[in-house]
Amino acid sequence: MEAFPTSMTITASSARSLIRRRRQLAIMSIRGKIWSAFNDIRIFNDRLLDAHDIFDDLRQVTRESPQEPKRCATIFAPTHSGKSMCVKTYLETRVVDEAIKRGLFPKDMKRNEIASKQRIVIYITLEGVTTIKNLAEEILRALNVEAEGNTQQLLKLCYDHIVALGVELIIVDEVQHLRPTKQRSKYAEKNENDAGIANTLKVMLIRGVCPMVFIGVTEARTLLFGDDQLDGRVLEEISFDRLDYGVAAQREMFIEYLGMLGLKLKEHGLFEEESNLLDGDIPECLHVVSGGRVGYVSRIVEQAAVIAAKAGSPCVLRSHLEAAVDKWAIPRLIDYNPFPTGVRKAELK
């Protein structure tokens, strides 16, 4: 019997490689689509809307009492509790609505673009070890102002531009980074007459430029508000702590979040059917794994969505959530998987 030509063998092998490559690209495309969709998902709840109301009230103080000393609000909570998303949704909804109403931007402009360009509310996120000078530089950058100088010169520029541009609120995220090293602190005191972070923030508020919101992890509160005078200028401490499953209102908020997230997966075109994240003990399991932090819930469901999509499932199922915990949450968040073993009741709180 005559053997197949070598060229035919190579062609078949190449075809199989091409098929594998196409499958890999398809999986990559699915994963990228899911990751992008989760960046766009927005879920509102009472806690988030209450925070938005407080932001609005702080802005009202700026408009009605422009020359009076200002005060602040705070959000101190564990990472992935929804703090930053609270600000993003505020900018994309109420602030953008206000900017359009004032005729600052056309209503057909993309909302995220308006949110990034408007100057009604300035939102900055601190990174690394940050001094007051760095803070002033970040504020000026957010105001689209390029400047150089020492701490006091940059702060004065901040004051002048905030007033000139009509800024009504400044939100500073990741304030735990406002903690200079000993070397930087000594350098600032010697060369820039920096009176200290807490004192400078207090002066910024007393000068009546505009109110501020400070956001950070739980530990940041004692780092920033050890100064009684600054602490006394706090109007509201907004709660974004872990949701306690043993408290009815917080449990209801957590369950509502899951229900909405399951609907969003279909709404954003990721699956043909709605994903029931409220079935059986799924809420309890997700609460234990996430520690009651909705940001981590989203990360787990995001991983489960990729697993489900790869399997060709019409929705995210319990089995996909279980696999996601094995793949991503252990040991990052928890040391066991409650889906196959059951929830350890002592941990459900």
Open item on the list: How big is the dipole moment of the chain about its Cα centre under a simple scheme where the beta carbon of each Lys and Arg is +1, that of each Asp and Glu is -1, and everything else is neutral? Debye, nearest 20, please.
Closed with: 1040
- [ ] Count charges around PRO78 for me, please; just the other residues with Cβ under 11 Å from its Cβ, Lys/Arg as +1, Asp/Glu as -1.
- [x] +1
- [ ] Compute the projected area of the convex hull of the Cα atoms of segment 255-349, averaged over all viewing directions, and report it in nm² to one decimal place.
- [x] 5.4
Open item on the list: Taking loop as defined by DSSP and a crowding limit of 10 other beta carbons within 10 Å, which GluC sites (Glu not before Pro) in segment 267-349 fit?
Closed with: GLU272
TODO: Determine the sum of side-chain charges near LYS327: Lys and Arg each +1, Asp and Glu each -1, restricted to other residues whose C-beta is under 14 angstrom from that of LYS327.
DONE: +1
- [ ] Mind scanning LYS266/LYS310; LYS33/LYS310; LYS266/LYS327; LYS83/LYS110; LYS70/LYS101; LYS88/LYS110 and naming the pairs with a C-alpha gap bigger than 21 Å?
- [x] LYS266/LYS327; LYS83/LYS110; LYS70/LYS101
- [ ] Mind listing the long-range amide H neighbours of ILE171? Cut-off is under 5 Å, sequence gap 5 or more, other chains count too, H placed in the peptide plane at 1.01 Å from N.
- [x] ILE122, TYR123, ILE124, VAL213
Open item on the list: Please report the antiparallel percentage of DSSP beta bridges with both residues in the chain, rounded to the nearest 5.
Closed with: 0
- [ ] Give the angle, between 0 and 90 degrees and rounded to the nearest 10, that separates the Cα long axis of helix 151-165 from the longest principal axis of the Cα atoms of the chain.
- [x] 80
Open item on the list: Could you compute how fast segment 83-144 diffuses translationally, taking Rh as the Kirkwood radius over C-alpha pairs and applying Stokes-Einstein at 25 °C with viscosity 0.890 mPa s? Give it in µm² per second.
Closed with: 195
TODO: Relative to the longest principal axis of the C-alpha atoms of the chain, give the angle of the C-alpha long axis of helix 132-142, reported between 0 and 90° and rounded to the nearest 10°.
DONE: 70
Task: Per-residue [θ]222 nm for the chain (sum of -39500 (n - 2.57) over DSSP H runs n ≥ 4, rounded to 500) - done: -16500 deg cm²/dmol
TODO: Kindly put VAL167, VAL61, VAL301 in sequence by how many other C-beta atoms sit within 10 Å of each C-beta, fewest to most.
DONE: VAL61, VAL167, VAL301
Task: Kirkwood hydrodynamic radius (C-alpha pairs) into Stokes-Einstein, the chain, 4 °C and 1.567 mPa s, D in µm²/s - done: 56
Open item on the list: Under the rule of at least 5 residues apart or a separate chain, name every residue whose amide H is placed under 5 Å from the amide H of TYR245.
Closed with: LYS349
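Each reported figure results from applying straightforward, stated rules to the coordinates on display, with no laboratory input. Everything numeric in this text was worked out from a predicted model, so none of it was measured. Neighbour counts run over all protein chains shown; Cβ positions are idealised from the backbone, glycine included.
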